[in-house]
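Encoded as structure tokens, the structure appears first; notes follow it.
The values are calculated or read from the model by the stated rules, or taken from the named source; none is laboratory data. Computed from a prediction, not measured in an experiment: that's the story for all the values here. Here the Cβ positions follow ideal geometry from the backbone for every residue, glycine too, while neighbour counts run over all protein chains shown.
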Amino acid sequence: MNIILLGPPGAGKGTQAQRLVDGRAMRQLSTGDMLRAAVKAGTPVGLKAKAVMERGELVSDEIVSELIDAELATMGPAVGAIFDGYPRTGEQVSALDEILARHGRRLDRVIELEVDEDALVDRITGRFTCANCGEGYHDRYKLPRQPGTCDKCGSTEFKRRPDDNEQTVRTRMAEYRAKTQPILPDYERRGIVARVDGMADMDSVSSAIEQALG
Ligand code: AP5
């Protein structure tokens, strides 16, 4: 199964993608994570993307589509893809269609996480992750069970994203409204969109997604 998780910054795409991967033959393909890894490694892609990401704007369509293509090329046919944060523009929708066809895959479902934008600023500015394994936490909604220690790997190092400040989050949301929301009607015409209430608690969102996937 190949699915897209769609929603504005902080909607819970990454959280739900990680949950879907657990116990399934699926892989999370997060263009945001790939770009952050490229920035950290100082690759040519990372050097191009760094300032754009810090402003909260979108990186070029070619760069992100090439990242997705390269990642799919490493996956066996039995492993499904969860697209997290991709596609985000009409050009990326066309590129994904072409890439999927080339890899002998088809798109099964687009899950749109419906959320309240003001609540998202609070979600994003409270977010942090384990510096070792990437497990996600939140200052109020999900703290480590033992303070200061990652539940998953035991690391005591955590980090916050440089673009998780209110000003950049507002730009990221404006980018979503202007460039990403308009891609939905295309997928609606294909009859593959399912809407899920992203403001519910994490377990309820997961159950609703499971139901939508059938
Ligand atoms: P990206 O990394 O994709 O960021 P984003 O879309 O802004 O989404 P986030 O990762 O912020 O949010 P999320 O929906 O995954 O929420 P999460 O699960 O973490 O992109 C970053 C940048 O890279 C972009 O701005 C752009 O520059 C570039 N980029 C990436 N892809 C691109 C593309 N295709 N084209 C061009 N440029 C691209 O949840 C947020 C917080 O809320 C967490 O703390 C979580 O614990 C908590 N939470 C989650 N669900 C719930 C819930 N139900 N209740 C309470 N809390 C919850």
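Return the pair list, or none, for Cβ contacts closer than 7 Å from residues in segment 6-25 that are closer than 20 Å to Met173 by Cα and touching a residue at least 24 places away in the same chain (Cβ under 8 Å) to residues that are near the ligand (Cβ under 7 Å from one of its atoms) and part of a loop (DSSP other than H, G, I, E, B), at least 6 apart or on different chains.
Between residues of segment 6-25 that are closer than 20 Å to Met173 by Cα and touching a residue at least 24 places away in the same chain (Cβ under 8 Å) and residues that are near the ligand (Cβ under 7 Å from one of its atoms) and part of a loop (DSSP other than H, G, I, E, B), the close pairs are Gly7/Gly198; Ala11/Gly198; Gly12/Gly198; Lys13/Gly7; Lys13/Gly85.
Would you point out the residue of segment 1-27, among those that are among the charged types (D, E, K, R) and closer than 19 Å to Ala194 by Cβ, that is farthest from the ligand (Cβ to nearest atom)?
The selected residue is Arg24.
Can you work out which of the residues in segment 39-67 that are aliphatic (A, V, I, L, M), free of Cβ contacts under 8 Å to residues at least 12 places away in the same chain and more than 8 Å from the ligand (Cβ to nearest atom) is nearest to Met173 (Cα to Cα)?
By that ranking, first place goes to Ala51.
Would you tally the residues in segment 57-104 being of a type in the set (S, T, N, Q) and touching a helix residue (DSSP H, G or I) at 6+ places or on another chain (Cβ under 7 Å)?
Summing the residues that are of a type in the set (S, T, N, Q) and touching a helix residue (DSSP H, G or I) at 6+ places or on another chain (Cβ under 7 Å) in segment 57-104 gives 3.
I'd like to check something: does segment 180-201 contain any residue that is within 13 Å of the ligand (Cβ to nearest atom), farther than 16 Å from Gly7 by Cβ, among the polar types (S, T, N, Q) and crowded, with 17+ Cβ neighbours inside 10 Å?
No, segment 180-201 has no match at all.
Among the residues that make up segment 59-75, is at least one of them of a type outside the set (Asp, Glu), at pLDDT below 95 and more than 25 Å from Arg161 (Cα to Cα)?
Among the residues of segment 59-75, not one is of a type outside the set (Asp, Glu), at pLDDT below 95 and more than 25 Å from Arg161 (Cα to Cα), which makes the answer no.
Could you pull out the residue among Glu210, Glu157 that is more than 12 Å from the ligand (Cβ to nearest atom), surrounded by fewer than 17 Cβ atoms within 10 Å (Cβ to Cβ) and more than 21 Å from Arg24 (Cβ to Cβ)?
Glu157
Checking the structure you have, find out if any residue of segment 105-125 is in a loop (DSSP other than H, G, I, E, B), of a type in the set (Lys, Arg) and surrounded by 13 or more Cβ atoms within 10 Å (Cβ to Cβ).
Yes, there is a match, as at least one residue in segment 105-125 is in a loop (DSSP other than H, G, I, E, B), of a type in the set (Lys, Arg) and surrounded by 13 or more Cβ atoms within 10 Å (Cβ to Cβ).
Could you list, in sequence order, all residues of segment 46-62 that are surrounded by fewer than 20 Cβ atoms within 10 Å (Cβ to Cβ) and assigned to a helix (DSSP H, G or I)?
Of everything in segment 46-62, those that are surrounded by fewer than 20 Cβ atoms within 10 Å (Cβ to Cβ) and assigned to a helix (DSSP H, G or I) turn out to be Gly46, Leu47, Lys48, Lys50, Ala51, Val52, Glu54, Arg55, Asp61, Glu62.
Looking for whichever is closer than 23 Å to Glu114 by Cα and among the hydrophobic types (A, V, I, L, M, F, W, C) here; the options are Leu35, Leu47, Leu5. Which one fits?
Of the residues listed, the single one that is closer than 23 Å to Glu114 by Cα and among the hydrophobic types (A, V, I, L, M, F, W, C) is Leu5.
Is it the case that some residue within segment 79-88 is crowded, with 20+ Cβ neighbours inside 10 Å, away from the ligand (no atom under 12 Å from the Cβ) and outside any loop (DSSP other than H, G, I, E, B)?
yes
Any idea how many residues of segment 104-142 are within 10 Å of the ligand (Cβ to nearest atom) and of a type in the set (A, V, I, L, M)?
Of the residues in that region, 5 qualify.
Looking at Ser30, is it out of contact with any Gly (no Cβ under 9 Å at 6 or more places or on another chain) and within 8 Å of the ligand (Cβ to nearest atom)?
No.
When you check Thr171 against the structure, is it in contact (Cβ under 8 Å) with a residue 12 or more places away in the chain and out of contact with any Leu (no Cβ under 9 Å at 6 or more places or on another chain), yes or no?
Considered against the rule, which asks whether it is in contact (Cβ under 8 Å) with a residue 12 or more places away in the chain and out of contact with any Leu (no Cβ under 9 Å at 6 or more places or on another chain), Thr171 comes out as yes.
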